[in-house]
1. Just give me the residues in region 106-141 being outside any loop (DSSP other than H, G, I, E, B) and of a type in the set (Ser, Thr, Tyr), in sequence order.
2. Which condition number does GLY101 fail, the rest of (1) in contact (Cβ under 8 Å) with a residue 24 or more places away in the chain; (2) outside any loop (DSSP other than H, G, I, E, B); (3) exposed (fewer than 15 other Cβ atoms within 10 Å of the Cβ) being met?
3. In region 111-133, what count of residues is obtained for those that are surrounded by fewer than 15 Cβ atoms within 10 Å (Cβ to Cβ) and among the aliphatic types (A, V, I, L, M)?
4. Pairs under 6 Å by beta carbon, first residue in contact (Cβ under 8 Å) with a residue 40 or more places away in the chain in region 1-16, partner in a strand (DSSP E or B) and of a type in the set (Ser, Thr, Tyr), six or more apart or different chains?
5. Can you tell me which residues in region 39-71 are of a type in the set (A, V, I, L, M, F, W, C) and either closer than 23 Å to THR123 by Cβ or out of contact with any strand residue (DSSP E or B) (no Cβ under 7 Å at 6 or more places or on another chain) (or both)?
6. Within region 5-46, restricting attention to residues that are within 13 Å of the chain's Cα centre (by Cα) and of a type in the set (Gly, Ala, Ser), which residue is nearest to HIS67 (Cα to Cα)?
7. Is there any pair linking a residue in region 54-67 that is under 25 Å from GLU95 (Cα atoms) and at pLDDT below 95 to one that is of a type outside the set (Phe, Trp, Tyr) and surrounded by 10 or more Cβ atoms within 10 Å (Cβ to Cβ), with Cβ under 9 Å and at least six apart or on different chains, and which?
Amino acid sequence: MQRVRDGARWMLRLDEGQDLFATLAAFATEESIRAGVVVSGIGMLRRATLGYWNGREYSPMELKVPHELVALHGSIAVVDGAPSIHLHASVSGPEHQTVSGHVMQATIGILGEIYVETFPNRTFGRPMNESVGLRGLDLEPGPQP
């Protein structure tokens, strides 16, 4: 992965075969990012699983052939001291059909270009919302260890 910083903005280039979540989590750890927004991302995914929240659980759709990554958005927070990455994506397949959803798993194919904005003086949390069974973003989680 290549990365370049300009103030609180980062441009990342992920390479063929890199796991999207592991690479973003490593980036957040290495750069001490505790609050951020994945503003955009484009490129290619070799493999991915997108989910649709049906009100009880994610209904997964596994993409077994490479798809163009046409839009990637999300947030970076902290759960139990470790980066928590939440992403949604739209991808386009070989028949030019676009599918979208919560990114459950993704492996970069060829490359991924990702723009991240950070909040250097903040920590975002992601507490469990028991009423819906999901972790929600908390912009003011209080003191962090």
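The values are calculated or read from the model by the stated rules, or taken from the named source; none is laboratory data. A quick note: this is a predicted structure, and the numbers were derived from the prediction, not measured. When we count neighbours, we look across all protein chains shown, and the Cβ atoms used for this are built from the backbone with ideal geometry, even at glycine.
1. Restricting attention to region 106-141, the residues satisfying the condition of being outside any loop (DSSP other than H, G, I, E, B) are 106-118, 125, 128-129, 134-135, 138.
The answer is THR107, TYR115, THR118.
2. Status for GLY101: all satisfied but (3).
3. Here the count works out to 2.
4. ALA8/THR118; MET11/TYR115
5. Initial filter on region 39-71 (of a type in the set (A, V, I, L, M, F, W, C)): 39, 42, 44-45, 48, 50, 53, 61, 63, 65, 69-71.
Correct list: VAL39, VAL65.
6. This residue is GLY41.
7. From region 54-67, the pairs are LYS64/ARG47.
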